[in-house]
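Peer 1: Would you mind keeping the following structure in view while I ask a few things?
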Amino acid sequence: MLSLKDLFDSLLPPSPEADAEAAERALQLATAVMLVEVMRADASFRPGEREAVRAALRETFALGVDEANRLGELAETTARDATDYFAFTSRINERFDMPAKVRMIEHMWRVAYADGRLSEHERHVLWRIADLLYVPQGAYVNARIRAEQAAGVG
């Protein structure tokens with residue numbers, strides 16, 4: 001049941017700080033969902049892939065372990081219910097500059113290589129997301145090479 005204060009608060013326009021926080025949370029979720037989509041592209045995902053998603057979230061958004069874990073869990077649920085990538089990639093396109101998008105693609109490659117191999121489905125998901133983020137082919141390939149070297153494959 002709403003209190004009188006809650007009712008009045010709901011009638012007030014949101015503060016700029018609240019808008020900024022909501023936009024940041026939406027960006028974090030969109031990024032997490034795209035990372036999870038790479039993990040889900042493989043027929044079976046391993047704990048190393050899940051940890052690669054969490055590590056990418058901690059690094060990208062300076063999150064603590066618990067925050068990254070909760071965001072990852074929410075992203076897995078959201079990804080299962082999603083019908084397309086546009087809602088997520090459009091938010092990322094609005095907020096990330098090109099270097100941030102390329103770092104995100106590199107993190108996605110790291111998720112794909114976390115189990116020591118790359119499936120065709122993972123490769124396709126990565127290509128599709130990179131295309132929706134307007135990442136140039138050269139940057140996409142270089143991100144892959146850096147991820148391969150970090151994973152010790154290739």
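Every read-out reported here was derived from the displayed coordinates using simple, explicitly stated rules and does not represent laboratory data. Here the structure is a predicted model, which means the values were calculated and not measured. As a convention, Cβ positions derive from the backbone with ideal geometry for all residues, glycine included, and neighbour counts pool all protein chains shown.
Peer 1: Is it the case that GLU37 is among the acidic types (Asp, Glu) and surrounded by fewer than 19 Cβ atoms within 10 Å (Cβ to Cβ)?
Peer 2: It is false that GLU37 is among the acidic types (Asp, Glu) and surrounded by fewer than 19 Cβ atoms within 10 Å (Cβ to Cβ).
Every residue, every condition in (1) in contact (Cβ under 8 Å) with a residue 12 or more places away in the chain; (2) surrounded by 18 or more Cβ atoms within 10 Å (Cβ to Cβ), yes or no:
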| residue | (1), (2) |
| --- | --- |
| GLU49 | yes, yes |
| ALA52 | yes, yes |
| LEU57 | yes, yes |
| VAL65 | no, no |
| GLY72 | yes, yes |
| TYR85 | yes, yes |
| PHE88 | yes, yes |
| ASN93 | yes, no |
| MET104 | yes, yes |
